[in-house]
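Worksheet for the structure shown next.
Throughout, read-outs are computed from the coordinates displayed, never taken from laboratory work. Only a predicted model underlies this, so the values are computations on that prediction, with no experimental measurement involved. All Cβ positions, glycine included, derive from the backbone under ideal geometry; neighbour counts span all protein chains shown.
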Amino acid sequence: MDFDDQLRRYFGTADIATLTPSVLGAGIERMKVDLGLERDRARRFALWTLLHMMGEAPDLDVAFEDERDREAARNFMDMMGRAADG
C-alpha cells in the first residue's frame with residue numbers, strides 16, 4: 001500500500017493539508033469501515049497505521065486479534081513517538 005495512493009483513495013488527494021474537516025471525517029470513516037472488513041493482515045496493519053497517524057486508530061485489542069500484530073503496532077507507536085521527540 002502506497003501512502004499517497006491511500007490518501008487519494010480515502011480523501012481524493014495526496015495533499016492532506018488541503019482537506020476540509022468534512023472530507024477528512026468522511027475519509028476516516030471509510031478507512032475505519034475498511035479496517036473492520038479487511039482480512040489481509042498486512043493491509044489491515046497499513047490501514048491501522050494511517051489511522052494512528054491521524055489520531056483516529058482503534059485500540060489495539062479491537063484492531064488486532066493476533067498478539068504479534070498488536071506487538072508490531074506497539075513497536076510502530078514507539079517508533080513514531082521517538083521520531084516526534086527527535
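Quick one: what are the phi-derived ³J(HN,Hα) couplings along the stretch 66-77, Karplus 6.51/-1.76/1.60 with θ = phi - 60°, whole Hz, x for glycine and proline?
Couplings: 7, 4, 4, 5, 5, 5, 4, 5, 4, 4, 4, 4 Hz.
Provide the convex hull volume over Cα atoms per residue for the chain, in Å³.
So the per-residue Cα hull volume is 99 Å³.
Restrict the search to the chain; then list the trypsin sites (Lys or Arg not before Pro) that DSSP places in a loop and that have at most 11 other Cβ atoms within 10 Å of their Cβ.
When the trypsin sites (Lys or Arg not before Pro) of the chain are filtered for loop state and at most 11 Cβ neighbours within 10 Å, ARG39 remain.
Tell me, what ³J(HN,Hα) does each residue in the stretch 38-47 have, in order and in whole Hz, if you take phi through Karplus 6.51 cos²θ - 1.76 cosθ + 1.60 with θ = phi - 60° and put x for Gly and Pro?
Whole-Hz 3J(HN,Hα) from phi for the stretch 38-47: 5, 10, 6, 4, 5, 5, 4, 5, 4, 4.
At a threshold of 8 angstrom on Cα-Cα distance, excluding pairs fewer than six apart, so keeping six or more, what relative contact order does the stretch 3-85 reach in percent?
After rounding, I find 17 percent.
Could you pull out the GluC sites (Glu not before Pro) across the chain that fall in loop regions by DSSP (anything but H, G, I, E, B) with no more than 13 other Cβ atoms inside 10 Å?
Passing sites in the chain are GLU65.
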